[in-house]
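Novice: This is the structure, below, for whatever I ask next.
The values are calculated or read from the model by the stated rules, or taken from the named source; none is laboratory data. All of these numbers come straight from a predicted model, not from anything done at the bench. Cβ placement follows ideal geometry from the backbone for every residue including glycine, while neighbour counts extend to all protein chains displayed. We work out accessible area using only protein heavy atoms, side chains counted, and drop any ligands, DNA or RNA first. Shrake-Rupley method; radii C 1.70, N 1.55, O 1.52, S 1.80 Å.
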Amino acid sequence: MRSRSLLAVVMVGLLAWSDADAVQAAADREKLLKDPGVSGTFAVFKVDGDWWKLDKAARGAAAAEVKAIFQKHADSVTADTYLLRGLSEKADFFVRLHSMEMLNNQNFLVDLMGTTLGKYLQNTNTFNGLTKMANYVPAFPDDLKEAMKTAPDPGPKFYVVVVPIRKDAEWWITAQDGRGMMMKEHADATVTYLKTVKRKLYHSSGLDDLDFITYFETAKLDDFNNLVLGLQRVKENRHNKQFGDPTLLGTIHSLDEILEIFSR
Amino acid sequence: MRSRSLLAVVMVGLLAWSDADAVQAAADREKLLKDPGVSGTFAVFKVDGDWWKLDKAARGAAAAEVKAIFQKHADSVTADTYLLRGLSEKADFFVRLHSMEMLNNQNFLVDLMGTTLGKYLQNTNTFNGLTKMANYVPAFPDDLKEAMKTAPDPGPKFYVVVVPIRKDAEWWITAQDGRGMMMKEHADATVTYLKTVKRKLYHSSGLDDLDFITYFETAKLDDFNNLVLGLQRVKENRHNKQFGDPTLLGTIHSLDEILEIFSR
Amino acid sequence: MRSRSLLAVVMVGLLAWSDADAVQAAADREKLLKDPGVSGTFAVFKVDGDWWKLDKAARGAAAAEVKAIFQKHADSVTADTYLLRGLSEKADFFVRLHSMEMLNNQNFLVDLMGTTLGKYLQNTNTFNGLTKMANYVPAFPDDLKEAMKTAPDPGPKFYVVVVPIRKDAEWWITAQDGRGMMMKEHADATVTYLKTVKRKLYHSSGLDDLDFITYFETAKLDDFNNLVLGLQRVKENRHNKQFGDPTLLGTIHSLDEILEIFSR
Amino acid sequence: MRSRSLLAVVMVGLLAWSDADAVQAAADREKLLKDPGVSGTFAVFKVDGDWWKLDKAARGAAAAEVKAIFQKHADSVTADTYLLRGLSEKADFFVRLHSMEMLNNQNFLVDLMGTTLGKYLQNTNTFNGLTKMANYVPAFPDDLKEAMKTAPDPGPKFYVVVVPIRKDAEWWITAQDGRGMMMKEHADATVTYLKTVKRKLYHSSGLDDLDFITYFETAKLDDFNNLVLGLQRVKENRHNKQFGDPTLLGTIHSLDEILEIFSR
Amino acid sequence: MRSRSLLAVVMVGLLAWSDADAVQAAADREKLLKDPGVSGTFAVFKVDGDWWKLDKAARGAAAAEVKAIFQKHADSVTADTYLLRGLSEKADFFVRLHSMEMLNNQNFLVDLMGTTLGKYLQNTNTFNGLTKMANYVPAFPDDLKEAMKTAPDPGPKFYVVVVPIRKDAEWWITAQDGRGMMMKEHADATVTYLKTVKRKLYHSSGLDDLDFITYFETAKLDDFNNLVLGLQRVKENRHNKQFGDPTLLGTIHSLDEILEIFSR
């Protein structure tokens, strides 16, 4: 059955934006970043060479258009922005979107790609996933469960790393118990780094050519390198058919900062 | 032997379109979507950056041309349209065509690619397949056969997912019985999701670098994610040399809606 | 040693074309399509987007240039043309050339690519191969040999499929006898389809990144699909390191028909 | 937590450059090239065809802009430059950056890519890694440890080779002892070439789709070829899932030399 | 240590060219084509579509520039030219360079790519290798050694084939004796074709993502096809991780002939 009403959602106009909305949005943002059942989309973009041939004023006006799109969708979509330029040949920046329905992420991105800047963006990768309840943790020993509650150290985490993962058939055919034992070993290897590396997991099977999107923030790249070395040393690593490819290494920047760089 | 008459088919003019034709077309559509022996073509397109530099009026006129092509072929080709933009870096939209002869699908697409919009379309993927009678179901136990007749819940299914599949040599060399046992396990894993995930299967061996095109509609992406996780856990999954790559995740939209987005 | 005389061949002018030549050419064509020792080249092309921006008159004149090239080489090269557009994202059309010396195929294509249309063609694939005497058939049982002489049904075969194949090292290291037994099983699987699927084989080891180019014509895609399913079920299939990738599915069209489509 | 202060670093102006700074920079350079805990980025670029259509004066002015960027970052980033053009189809040149924080490398490259030349650069590869203390050497026998201290012969090393490496899961799952034994065999194979081949190692797990970036300088390509042959003959080579792909072979050139070539 | 003097080599002007130089060059050419310790570079190019839009006079002038580059480097670099256009979708032509130092090959190519034609060339592949003394032949039985001295038949060899090869880890880890036995079997398979297929071998480990570049000239493609079939049937073939990909099939042409084709 065809849904003609989807378009209505796409065409919703720019909402009035009040302080009360802002408070609500902040609450929603917390919820979207924590809850299961949230749809996450990572949209990765390279800026076309022709963009830089536009004059500075035109690029500045284009930046304002982009900000309006972020505001228009702010009540349904939480958007974070990251700079890849310089640290990855694959793209210049990416946005991470969270909403209660994947459709909202699509509407946001259709609008973004419809702006003047959007017409100069090459969409080099898009990863889609869902947040879900932890699968293996409930069966972990209590001390590990406790250790895993360690909060990240306060203070800014400059760096972001996104690692898409696809498991092999043997992984999935292994019974839950067997996978759980391997995931316990995996979790043990992460405990040392819980304070300096913040993590988030998205489930992608069927929604993308991936099983998981793993997202990390850190201020200490050597800790992150050691964490990954630890994860490579456990048996679960045998079942990673894809780990990265692409690994996205970048830095966390506000939309204003990203747009400033593209408006210079 | 060369067939000079093929071109005559390609050049058939725009047919008069009456209410009686519409009734007939609707009946044909039902038949094409249900019967074995139907040729299906999935043609996936990315809109070229230069398209957006055309003025709005030119883009509107181009949209009208596209609608005329859909009407011209309506008596022989059933066409459904889907928006990928925003959820896939691989393309902006795709059309799914059904007809009684693959040649009709080609004629439709040659005409579509010959329109003003068509000249700005990059054809990023085309999947061809045939619908056939169920191969393994006749040998399934009666209770499974019964369960598989479960009708999908009414109500719109917003999302579409297309997953092309290629099996390994061992799969095909396994005797029918052995494959049947693995497919029973596969079918068992789908029963829970028959209400929320609608499916359709196309056979592609020799017509494409694929063995199957699997097509899904759902309003619940978490159900679809769980369905795929279930399918990954059965032994038949060991024989999927390719599963996705590309997985196409998008939303179901009418041609008018798609054209509206490209005419903004 | 450098051969400066090759260029002389390249520069041979447009020959006068008489009825006697035509009769001779027809005989040569039969010979080239049947004999061993013939060099076959499949040159696959995508028409550049800029082509369509030329006006209709310019495109018509360009078509005439192409026809002249086909005539110029008609006494040494047999050329067949096929439309892929609409059924393959990989290209728009391909030509299949036969001649007694691969060099003639190259000269034809250098001339074709030097025309106005040629300058808008992207050469997406080229497959080179030689026709040879049957390798395994002489050792087949007499009834299979007899069955394999079944002539294709008369009547047009609309569709063409080209499947490039590369075998694994184990195939080649297996002794002739062992390969012969597997090829007998392969041949058995084809007997049912000899009437509706016409086949031709080219040997490519060392001349291309392939071992074989397999070429098929049919009016019944479901028969072709079943034939390939049959071939996938024999043990020889274990040794196909590459089967397709790309599979080219298209329709048989005369040069005039192809040029008409590109001149619209 | 978002770090708005990052941008401040990006926007730091061109520093005054004095002799004292130069002395300090030289000292820092030594430190950055020797110490563990240093962030290395290899940014590989191809010059766009349109660049060459600029007139000579414009290209000369653009070169000056690039030199200013190198100077601006000279107190935090050590930059070496290499010419690939002619010896690699993959790119024209690359820069190797060292700094105490990966962020500095990104800021350098964002600035470089923001210059007039930068807008004509295609960033074909970027490798990121960290220098670390030797992992296996401490457990090596004393004579091997001693041999490994052999200093490279003085005199210019014209050639540079960069080989990115990714190990398989079995490598990492092997215990430290087992890996150490294989690395001893690896180290033994290098001793003969320590005088003519200079090496440096970067650790990339998690920061890139690599485990190691290996960097070599030599004046004798036949020695380097023999070194690699030796390394291919030890068991550790079984665990190289990726070795090269791309291997970058080029020559060592100062920034002035590289810019001179691009300004001709 | 940075070598500023390299640039001086690059900037050497066009040398005066006398008969004595020509005699010397011919001698050097023989030496470069026969001796071990020679650096070989295969640079493969596709001509950009825009090239053909230049007028004939401009293209003729550009051809003269290219000839001057070949002359300028003639005393240090031996250059052979080959036409791929028509027989390979991958490129239009390639040059094979030999010199006593890889740096000379780079200087030649930097100059070539700096010409007007060079700015329209896409460098699709570059293979680098060294000639070395035969590795396995000294241990072969005398009759095989004798047979391998068979000189190629005189007369032009129209065709060129270049096949890059990469061996697997097991090949290299196998002891010299074991490899020698497999190479004897390999050499036995070549004896029949020594008269009609001329061969040359380059060693690339560490200098490229290859172990060997194998180069062949022949007038008989069926003999070459049979030679490769023979090589595929020996056990050493199990260790070819890459054989071709790309295989380059073309024809031998002088620079003048190649330039004539690109100037039409």
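Novice: With θ set to phi - 60° and the Karplus curve 6.51 cos²θ - 1.76 cosθ + 1.60, what are the ³J(HN,Hα) couplings of the range E:127-144 in order, to the nearest whole Hz, using x for Gly and Pro?
Specialist: For the range E:127-144, the Karplus curve yields 10, 10, x, 10, 7, 9, 4, 4, 8, 9, 4, x, 8, 6, x, 4, 5, 5 Hz.
Novice: What number results when the radius of gyration of chain A, computed over Cα atoms, is divided by 2.2 N^0.38 Å?
Specialist: 1.08
Novice: In the range E:174-193, which residues have a backbone nitrogen under 17 Å from the label point lying 7 Å from E:Ala147's Cα in the Cα-to-Cβ direction?
Specialist: E:180-193
Novice: If you count only protein heavy atoms with a 1.4 Å probe, what accessible area per residue comes out for the range E:128-264, rounded to a whole Å²?
Specialist: 38 Å²
Novice: What is the interface area between chains B and A, defined as buried accessible area summed over both chains with a 1.4 Å probe, reported in Å² to the nearest 100?
Specialist: 4000 Å²
Novice: Per-residue ellipticity at 222 nm for the protein assembly as shown, helices alone: DSSP H runs ≥ 4 residues times -39500 (n - 2.57), over residue total, nearest 500 deg cm²/dmol?
Specialist: After summing the helix terms and dividing by the residues of the protein assembly as shown, the value is -11000 deg cm²/dmol.
Novice: In Å and whole numbers, how far do the C-alpha atoms of the range B:84-134 stretch along each principal axis, longest first?
Specialist: 35, 26, 11
Novice: Once you compute Rg and the Kirkwood Rh from C-alpha atoms, what is the Rg to Rh ratio for the range B:115-264?
Specialist: Dividing the radius of gyration by the Kirkwood radius yields 1.01.
Novice: In the range C:134-224, what % of DSSP beta bridges are antiparallel (nearest 5)?
Specialist: 95 percent
Novice: Got a number for carbon plus sulfur as a percent of chain D's accessible area, 1.4 Å probe?
Specialist: 57 percent
Novice: Given a 1.4 Å probe, show me the residues in the range C:124-150 buried by at least 20 Å² of accessible surface when comparing the whole protein assembly to the chain alone.
Specialist: Residues of the range C:124-150 that lose at least 20 Å² of accessible area once the other chains are added: C:Thr126, C:Asn128, C:Leu130, C:Lys132.
Novice: Per the Cauchy relation, a quarter of the hull surface: what is the mean projected area of the convex hull of the alpha carbons in the range C:176-264, in nm²?
Specialist: So the mean shadow area of the Cα hull is 7.7 nm².
Novice: Turning to a different aspect of this structure: Over the C-alpha atoms of the range D:84-197, what are the Rg and the largest Cα-to-Cα span, Dmax, in Å?
Specialist: 18.6, 53
Novice: Further question: What span do the alpha-carbon atoms of the range C:135-215 cover on each of the three principal axes, reported in whole Å from largest to smallest?
Specialist: In descending order, the Cα extents are 41, 31, 16 Å.
Novice: Moving on to the next point. Using only C-alpha positions, report the orientation-averaged shadow area of the convex hull of the protein assembly as shown, nm², one decimal.
Specialist: If I average the Cα hull's projected area over directions, I get 53.7 nm².
Novice: Say a site is exposed when it is one of the chymotrypsin sites (Phe, Trp or Tyr not before Pro), sits in a DSSP loop, and has at most 16 other Cβ atoms within 10 Å; what is then the longest site-free stretch of chain C?
Specialist: C:137-264
Novice: Could I ask something else about it? Given 25 °C and 0.890 mPa s, how large is the Stokes-Einstein diffusion coefficient of the range B:114-181 in µm²/s, with Rh as the Kirkwood radius over Cα pairs?
Specialist: So the translational diffusion coefficient is about 145 µm²/s.
Novice: Please compute the Cα-Cα pair-distance distribution of the range E:39-116 with 10 Å bins starting at 0, giving whole percents from short to long.
Specialist: 18, 47, 30, 5
Novice: Could I ask something else about it? Using a 10 Å cut-off on Cβ to Cβ distances, tally the other chain neighbours for every residue of B:166-174 and report the average as a whole number.
Specialist: Per-residue shielding by partner chains comes out at 4.
Novice: Go through the range B:84-152 and name the trypsin sites (Lys or Arg not before Pro) that are in a DSSP coil and have 13 or fewer other Cβ atoms within 10 Å of their Cβ.
Specialist: B:Lys149
Novice: Can you list the residues of the range A:198-228 whose accessible area drops by at least 30 Å² going from the chain on its own to the full set of protein chains, with a 1.4 Å probe?
Specialist: Buried by 30 Å² or more upon assembly, which counts only protein chains, are A:Ser205, A:Gly206, A:Leu207, A:Asp209, A:Leu221, A:Asn225.
Novice: Gap in Å between the Cα centre of the range D:81-124 and the Cα centre of the range C:67-98?
Specialist: Spelled out, the Cα-based centre of one part sits 44 Å from the other.
Novice: Mind checking E:245-257 for the average number of partner chain beta-carbons within 10 Å of each residue's beta-carbon?
Specialist: 5
Novice: Then there's this: Quick one: which residues, 5+ away or cross-chain, put their amide H under 5 Å from the amide H of A:Asp92? H built at 1.01 Å from N.
Specialist: Those qualifying (amide H under 5 Å, at least 5 residues apart or on another chain) are A:Phe45, A:Lys46, A:Val47.
Novice: Treating the beta-carbon of each Lys and Arg as +1 and of each Asp and Glu as -1, no other charges, what is the dipole magnitude of the protein assembly as shown about its Cα centre, to the nearest 20 debye?
Specialist: 40 debye
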